[in-house]
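Below is one structure, written out as structure tokens; the observations come after it.
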Amino acid sequence: MCGFIAAINFNNKKILSSFSKLKKINKHRGPDNIKIFNGNNYSLIFRRLSIIDTSSNANQPFHNENQKISLVFNGEIYNYIELKKELIKKHEFNTNSDTEVILKSYEEWGIEFVKKLKGMFSIILFDNSLNKIFFIRDRLGQKPLYYTFVNKILIASSEIKDILFLLRKLKIPIAEEKNVVNKYLFRGWADDNNKSFFKNIFQFQAGTYTVYKNKRLSKPKSYWKLNLNLSKKFHPKLLKKKLIQNIKIHLRSDVSIATTLSGGMDSGSIVKISTKFIKNLTAFSLKNSFGDESKTIDKLINKLKINHHYINTEKLYKKNSFRDLIKSQDEPIVSASHFDQYLLRKKIKSMGFKVLLVGEGGDEVFGGYLRLVIAYFCELEKKKIPSDKIFYNIKKYFSVDKKEFMLKIKEFIDKQNKKNDIEDTAPFLFLRKKTNISKNLRYKNPYFYKEKNIFKKCLRQQMLERDLPHILRAEDRISMANGIENRSPFLDHELIEFILNHKTKYFINEGIPKFMLRKSMSNILPKEYLDYKKTGRPGNEKLLIQFYANHFIALLQKYKIDKFSNKKILSEFKKCCRKKEFKNFSNFFFRVFNYLIWKDINFNKTKN
């Protein structure tokens, strides 16, 4: 797990002189080693967080014997041992690193090697013999890779702040990407395409590689496609076996590992299985005002006898803590839960851990959201009347009764006629004037397009467009800001392909969400975990914006917000603070606060 920046095809002395100053920026991504390398027409800075083979031999940039192939790599290749066993028949190895495995894999199989990798990665690979540079991102985009062009110079980096630093040194204007900002303020969407919040700064697309040759960047080429047949029969023992195998290789590390633990099945499953392979496992849990899961968590802790720590992150709130989070993110975030996770990781790092296993992806892969239950019944069960047992389970796991559930189904179907799937209408109360909803604010709800199987489409969207992209972006930054590598076992592409080819009924069986995971863990996890109701991500927007109320008000008075009336927002916010009741406005206020801090960090000429 590391970070890097590359400037390619330049003859500008300002960039070269600025590279040494960049050492201080993004040091959090690689505090163990920092190295500058100058090639024929490019320069690299690589920052290393040593996880696999911590010796200096594994430092990057990494080169082959004749120096014709070089690479920088951020991430983790979980199957590097298996690949090395295959490659060692023809290739000599000088390290025990996964980085060298990547290089030898490219020498052996060419760019198609990427299909063999299991893991999370962003890679820049220089092949001087072909005069090509490859930019590669993992299948789901767990590891970041941004780029921009400046006067025909290609700049690519693990984080946007490196790019901004160079742009400022070159005196290139920095501007907001208005469409991205507006979609975020109105909808709460972020990272649903390759644009960033900054104009002309983009992401390389997940699951693709892009080639730079003859001073031109090719169109991205996909090397992975998520195909869903939804036809397999479910065998709990087989899924359990695959989960154990997958978590086992996610525990490969030459440094200390910890896990997060909530009251949900995702993290509970990871912790329980991890104890098979790690003695004296350490786990960390949140214990805040937004929901106390300690009764459920304690059942598992007492059963496993693991090292465990409860952390109340609300007691760690400080004047500049949230601003520091947004600085680390480079862009606004979607959920207040990321703030608590950011503070949690500060505590974990202070206790000496460099690797953290998390349960991200469990809900997206196994079907843990109520909206998926709604989509399922709208399409696959529309000719049937849901049984009382189904309504019982929906109420049990989502706290939604029959009347409310049927109303949600009706609202979902009505969206097809209205061609409008806006869920949060609060922003429209604060406009400067009434306006029609821009088409780019309309999410491509699968029901609008008469998909044959909207459940299948919804599964794909939440993994590739709706939920995971911004979750993974936030997860990477909150961990790396604290010098921690986060690993998500549920996001292994082979596990995803296996799970998502099962018949639809196994995802939500009789109204029971995440049925396959629940069934496969039925004799492993305590009953409290298996019966635990679905709750939102642990985060408290109301508490957060109240804690920072004065700062929020000052920023509202300082910056105008395009399309919105600051006066209306300010008036309603003060009223809500006095009454300590935010009605349905807290999510919108949270987004506005995010945006204003981001704007103040990046566009305030008197600061930073």
Using the structure shown, decide if R466 is open to solvent by 10 Å² or more (accessible area, probe 1.4 Å), under 19 Å from G207 (Cα atoms) and modelled with pLDDT under 85. yes
Residue, nearest to E364 (Cα to Cα), within the range 509-551, restricted to residues that are assigned to a helix (DSSP H, G or I) and among the aromatic types (F, W, Y): F515
Members of the range 552-565 that are open to solvent by 60 Å² or more (accessible area, probe 1.4 Å) and not in a loop (DSSP other than H, G, I, E, B): Q557, K558
Kindly evaluate D340 against the criterion of being closer than 19 Å to V358 by Cα, outside any loop (DSSP other than H, G, I, E, B) and of a type in the set (D, E, K, R). yes
Any hit, the range 584-596, residues being open to solvent by less than 40 Å² (accessible area, probe 1.4 Å), among the β-branched types (V, I, T) and farther than 21 Å from L325 by Cα: no
Can you tell me which residue in the range 197-216 is farthest from S586 (Cα to Cα), limited to those that are open to solvent by 20 Å² or more (accessible area, probe 1.4 Å) and either assigned to a loop (DSSP other than H, G, I, E, B) or modelled with pLDDT under 95 (or both)? N214
What pairs come out if I take residues in the range 249-260 that are farther than 13 Å from K272 by Cα and pair them with residues that are open to solvent by 30 Å² or more (accessible area, probe 1.4 Å) and not in a loop (DSSP other than H, G, I, E, B) whose C-beta lies under 8 Å away, six or more apart or interchain? R252/I81
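Answer with yes or no whether S267 is among the polar types (S, T, N, Q) and part of a loop (DSSP other than H, G, I, E, B).
For S267, the condition - among the polar types (S, T, N, Q) and part of a loop (DSSP other than H, G, I, E, B) - is not met.
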Counting just the residues of the range 224-251 that are outside any helix (DSSP H, G or I) and in contact with an Asp or Glu (Cβ under 8 Å, 6 or more places away or on another chain), which one comes out surrounded by the fewest Cβ atoms within 10 Å (Cβ to Cβ)? N227
Checking E176, E159 in turn, the sole residue that is within 19 Å of N26 (Cα to Cα), among the acidic types (D, E), touching an Asp or Glu at 6+ places or on another chain (Cβ under 9 Å) and modelled with pLDDT of 90 or more turns out to be E159
Name the single residue, out of those in the range 566-583 being open to solvent by 20 Å² or more (accessible area, probe 1.4 Å) and part of a loop (DSSP other than H, G, I, E, B), that is modelled with the highest pLDDT. E581
Collect the residues in the range 288-297 that are surrounded by 15 or more Cβ atoms within 10 Å (Cβ to Cβ) and either touching a helix residue (DSSP H, G or I) at 6+ places or on another chain (Cβ under 9 Å) or among the aromatic types (F, W, Y) (or both), keeping them in residue-number order. N288, F290, T296, I297
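Can you tell me which residue within the range 429-454, out of those that are within 21 Å of K408 (Cβ to Cβ) and hydrophobic (A, V, I, L, M, F, W, C), is modelled with the lowest pLDDT? Before you say what the answer is, go through the steps one by one.
Within the range 429-454, the first condition is being within 21 Å of K408 (Cβ to Cβ), and the residues that meet it are 442-451, 453-454.
Now restrict to residues that are hydrophobic (A, V, I, L, M, F, W, C): 448, 454.
Working: F448: 56, I454: 79.
Per the criteria, the residue is F448.
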Kindly indicate whether K305 is on the phi > 0 side of the Ramachandran plot and open to solvent by 40 Å² or more (accessible area, probe 1.4 Å). yes
Just checking, does the range 483-502 include any residue being closer than 26 Å to I413 by Cα, modelled with pLDDT under 85 and not small (G, A, S)? no
Tell me yes or no: at least one residue of the range 504-520 is modelled with pLDDT under 90 and open to solvent by 70 Å² or more (accessible area, probe 1.4 Å). yes
How many residues, within the range 40-56, are over 24 Å from N482 (Cβ atoms) and not in a loop (DSSP other than H, G, I, E, B)? 3
From the option list K457, K418, single residue qualifying as open to solvent by 20 Å² or more (accessible area, probe 1.4 Å), at pLDDT below 85 and either among the acidic types (D, E) or closer than 27 Å to E360 by Cβ (or both) is K457
Out of the range 77-116, which residues are aliphatic (A, V, I, L, M) and within 23 Å of F37 (Cβ to Cβ)? I77, V101, I102, L103, I111, V114
Any residue in the range 296-310 that is among the basic types (K, R) sitting within a Cβ distance under 7 Å of a residue that is open to solvent by less than 30 Å² (accessible area, probe 1.4 Å) and not in a helix (DSSP H, G or I)? List the pairs, counting only those 6 or more apart or interchain. K299/P526; K303/P526
Give just the number: which of (1) open to solvent by 40 Å² or more (accessible area, probe 1.4 Å); (2) of a type outside the set (S, T, N, Q); (3) free of Cβ contacts under 8 Å to residues at least 60 places away in the same chain; (4) at negative phi does K349 not satisfy? (3)
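Conditions tested, residue by residue: (1) assigned to a helix (DSSP H, G or I); (2) of a type in the set (D, E, K, R); (3) touching a helix residue (DSSP H, G or I) at 6+ places or on another chain (Cβ under 9 Å); (4) modelled with pLDDT under 95.
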{"site": "K303", "(1), (2), (3), (4)": "yes, yes, yes, yes"}
{"site": "R323", "(1), (2), (3), (4)": "yes, yes, yes, no"}
{"site": "I326", "(1), (2), (3), (4)": "yes, no, yes, no"}
{"site": "A375", "(1), (2), (3), (4)": "yes, no, yes, yes"}
{"site": "K384", "(1), (2), (3), (4)": "no, yes, yes, yes"}
Condition broken by R473, with the remaining ones in (1) of a type in the set (D, E, K, R); (2) in a loop (DSSP other than H, G, I, E, B); (3) over 25 Å from K232 (Cα atoms) satisfied: (2)
Residue identified as free of Cβ contacts under 8 Å to residues at least 60 places away in the same chain and either under 26 Å from K519 (Cα atoms) or among the β-branched types (V, I, T) (or both) among K195, K241, K232, K221: K241
Test S289 against the stated conditions and say whether it is of a type in the set (G, A, S) and without any contact (Cβ under 8 Å) to a residue 60 or more places away in the chain. no
Set F62, F46, F93, F19: member being loosely packed, with under 14 Cβ neighbours inside 10 Å and among the aromatic types (F, W, Y): F93
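The values are calculated or read from the model by the stated rules, or taken from the named source; none is laboratory data. Treat the numbers as computed from the prediction; the structure is a model and nothing was measured. Note: ideal-geometry Cβ built from the backbone for every residue, glycine included; neighbour counts use all protein chains shown. Protein only, heavy atoms only, side chains kept; ligands, DNA and RNA dropped before computing areas. Shrake-Rupley method; radii C 1.70, N 1.55, O 1.52, S 1.80 Å.
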